[in-house]
Amino acid sequence: MIATPVSAGTSLRSAHKVSAWATESGIVGGRHAEAHSRPYMASLQVRGHHTCGGILIREDYILTAAHCKEPCLPITVVLGADDISKKEKSQQSITVAKYYPHPKYYQECGYDIMLLKLESNAKLNKYVKPVGLPGKDAKIPANIKCDVAGWGRTAANGPVLNVLKEATEKIQFNFECKNIWRENFNSQHMICTKFDRKNGGICQGDSGGPLICNNVLEGITSFTLEDDCNNPKYPHVFTKISFFIPWIKKIMQE
């Protein structure tokens, strides 16, 4: 699930000259997820086209990446989907009422996080359920296995599949991430993972999707190496959700 830019690219942030936002998602390699096994997964769509992933954290709020906001184009959230090319009975399509990108997103490298307030509450059932948030500043040990998930490409710039896929990646040590991504990586509010070509990982279209470690939501898919999301020399980078818990709670209380 490595992402190269489609609607959002490196021009958004000069600090990311060697990276690409993970929009137009797709898990490279990986496996088909069991249907509806991740009821918190959301497909963010513009004009009926999947552009990013998202995570249902309350019946009225979606968590995603800030770079998933399309200028001047409204986003529709599709919940309860397995195959996004079909109109499944389990699906719910809800318009976004308000967008809350982090206020520092346009000022500094990182802070790639956004909350979407839904126009109406999602109807919670076995197909649509929110996932819990981690504790504030929770520690994530290196080398633990985590799951990533998304809809889309099976290779960088490759064909698109419409069913949800998932893959396993490992948390990498912060110093390793810093050595490779340098000024693009901030361990305070970012996480990075290692992966191999055989098992795959995030790619185009997976932006905004979840990083799940020990059944806990820990990260939001942010960026990968531009045009080569499956290059294991460059770790995948995620927004560290625990750092943003106070901001998330503040927005949702409003």
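The values are calculated or read from the model by the stated rules, or taken from the named source; none is laboratory data. Just so it is clear, the structure is predicted and the values come from calculations on it, not from any experiment. Glycine gets a Cβ as well: all are built from the backbone with ideal geometry, and neighbour counts include every protein chain shown. Heavy atoms of the whole protein, side chains included, go into the accessibility calculation; ligands, DNA and RNA do not. Shrake-Rupley method; radii C 1.70, N 1.55, O 1.52, S 1.80 Å.
With contacts taken as Cα pairs under 8 Å and at least 6 residues apart, region 205-254 reaches a relative contact order of 28 percent. Solvent-accessible area of region 113-244 (1.4 angstrom probe, protein heavy atoms only): carbon and sulfur portion equals 47 percent. Ordered by 1.4 Å accessible area with all protein chains kept, 196, 112, 147 run largest first as 196, 147, 112.
Between residue 125 and residue 139, what length comes free when the chain is fully extended (0.36 nm per residue of separation minus the Cα-Cα distance, one decimal in nm)? Contour length minus Cα-Cα distance gives 1.9 nm.
Ordered by 1.4 Å accessible area with all protein chains kept, 50, 32 run largest first as 32, 50. Here the relative contact order of region 58-125, from alpha carbon pairs under 8 Å that lie six or more residues apart, stands at 43 percent. Measuring against 25 Å, Cα to Cα, the residue pairs 69/139; 123/145; 69/89; 165/194; 69/250 contain 69/139; 123/145; 69/89 as the ones spanning a longer distance.
In the context of the full set of protein chains, residues of region 201-254 present 32 Å² of accessible surface per residue (probe radius 1.4 Å, heavy atoms only).
Projecting the alpha carbon convex hull of region 47-201 along each direction and taking the average yields 10.6 nm². Protection proxy ranking for 56-66, 118-128, 35-45, using the average of other Cβ atoms within 10 Å per residue and placing the highest first: 56-66, 35-45, 118-128.
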